[in-house]
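K.L.:
Here you go, one structure.
The values are calculated or read from the model by the stated rules, or taken from the named source; none is laboratory data. It should be emphasised that the depicted structure is a prediction, and the values quoted were computed from it without experimental measurement. Here the Cβ positions follow ideal geometry from the backbone for every residue, glycine too, while neighbour counts run over all protein chains shown. These area figures cover heavy atoms from the full protein model, side chains too; ligands, DNA and RNA do not enter into them. Shrake-Rupley method; radii C 1.70, N 1.55, O 1.52, S 1.80 Å.
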Amino acid sequence: MTNFLNMLTVSRILLGFCIFLFLYLHSYYWLALIFFTQASLTDFLDGYLARKTGNTSVLGEILDPIADKLLIVFVLIGLSLNLSSFYVGFFASMIIAREIWVAALRDYNARSMRSDRTKVTFLAKIKTTVQMVVISIYLFGLALNNMMILLFADILLLLAFLITLQTGLQYTYQTFKK
């Protein structure tokens, strides 16, 4: 079961790459949306099944956030290029910078035997969910060729960024508090 769950996690990385290609090709928005929905569901499913069956593993705990980050990074970069949007590109860069910073904090805490300080929080799970919802709205707007939906996604991207920033600040505080 653990291997199956880890394969679900790895599939998110592969799906992220495919979605990036679909966005590059400009005419496969429905496929990008379907693949992204599938990837988002694997994120929920592998976590749910791991907890429900007691098949959590150290590898799974490491791979899951990496797969989430790579999926989000592939798609946000693909969206910023596809939309030629400095706005999406800026927030994608800020989200990626936060992810790199938190990865560095996790490494630092692991080396200092304080991994509990950067364990995934509930708000961080909300952050990932909000990011996935925002990306889904962008992909839906592209699939329908509807600028109003894309504008709505732009507004929600700001909200996703603010939550992302908040979780990064929380991890930073937890790491460096006395």
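K.L.:
Give the residue, chosen from ILE155, ILE126, ILE163, ILE137, that is within 21 Å of LEU71 (Cβ to Cβ), β-branched (Val, Ile, Thr) and out of contact with any helix residue (DSSP H, G or I) (no Cβ under 6 Å at 6 or more places or on another chain).
P.N.:
Sole residue among the options that is within 21 Å of LEU71 (Cβ to Cβ), β-branched (Val, Ile, Thr) and out of contact with any helix residue (DSSP H, G or I) (no Cβ under 6 Å at 6 or more places or on another chain): ILE126.
K.L.:
What do you reckon, is MET113 without any contact (Cβ under 8 Å) to a residue 12 or more places away in the chain, open to solvent by 60 Å² or more (accessible area, probe 1.4 Å) and assigned to a loop (DSSP other than H, G, I, E, B)?
P.N.:
yes
K.L.:
What are the pairs, 6+ residues apart or on separate chains, where a residue within the stretch 31-58 that is closer than 14 Å to MET7 by Cβ and without any contact (Cβ under 8 Å) to a residue 40 or more places away in the chain has its Cβ under 6 Å from a residue that is among the small types (Gly, Ala, Ser) and surrounded by fewer than 21 Cβ atoms within 10 Å (Cβ to Cβ)?
P.N.:
THR42/SER11
K.L.:
If you check VAL75, VAL10, which single one turns out to be within 22 Å of GLN166 (Cα to Cα), at pLDDT 85 or above and among the aliphatic types (A, V, I, L, M)?
P.N.:
Matching residue, one of VAL75, VAL10: VAL75.
K.L.:
Scan the stretch 134-171 residue by residue and report those that are surrounded by 15 or more Cβ atoms within 10 Å (Cβ to Cβ) and among the β-branched types (Val, Ile, Thr).
P.N.:
VAL134, ILE135, ILE137, ILE149, ILE163, THR164, THR167
K.L.:
Then there's this: Condition check: open to solvent by less than 60 Å² (accessible area, probe 1.4 Å) and modelled with pLDDT of 90 or more. Does TYR29 satisfy that?
P.N.:
Answer is yes for this residue.
K.L.:
Hey, does the stretch 39-57 have a residue that's part of a helix (DSSP H, G or I) and under 16 Å from TYR138 (Cβ atoms)?
P.N.:
So far as the stretch 39-57 goes, yes, one or more of its residues are part of a helix (DSSP H, G or I) and under 16 Å from TYR138 (Cβ atoms).
K.L.:
Can we say ASP64 is within 25 Å of ASN6 (Cβ to Cβ), modelled with pLDDT under 95 and crowded, with 21+ Cβ neighbours inside 10 Å?
P.N.:
It is true that ASP64 is within 25 Å of ASN6 (Cβ to Cβ), modelled with pLDDT under 95 and crowded, with 21+ Cβ neighbours inside 10 Å.
K.L.:
Here's a follow-up. Does ILE62 meet the test of being touching a residue at least 60 places away in the same chain (Cβ under 8 Å), among the β-branched types (Val, Ile, Thr) and under 26 Å from ALA160 (Cα atoms)?
P.N.:
So ILE62 fails the test.
K.L.:
Of the conditions (1) open to solvent by 20 Å² or more (accessible area, probe 1.4 Å); (2) touching a helix residue (DSSP H, G or I) at 6+ places or on another chain (Cβ under 7 Å); (3) farther than 19 Å from PHE152 by Cβ; (4) modelled with pLDDT of 85 or more, TYR87 clears all except one; give me its number.
P.N.:
Here TYR87 meets the rest and fails (3).
K.L.:
Considering VAL120, VAL130, which residue is closer than 30 Å to LEU23 by Cβ, open to solvent by less than 80 Å² (accessible area, probe 1.4 Å) and either touching a strand residue (DSSP E or B) at 6+ places or on another chain (Cβ under 6 Å) or not in a helix (DSSP H, G or I) (or both)?
P.N.:
VAL120
K.L.:
Continuing with the same structure: Starting from the stretch 121-132, take each residue that is closer than 18 Å to TRP101 by Cβ and list its partners that are open to solvent by less than 60 Å² (accessible area, probe 1.4 Å) and not charged (D, E, K, R), counting only C-beta distances under 6 angstrom and pairs at least six apart or across chains.
P.N.:
LEU123/THR167; ALA124/THR167; LYS127/ILE163; LYS127/THR164; LYS127/THR167; GLN131/ILE72; GLN131/ALA160
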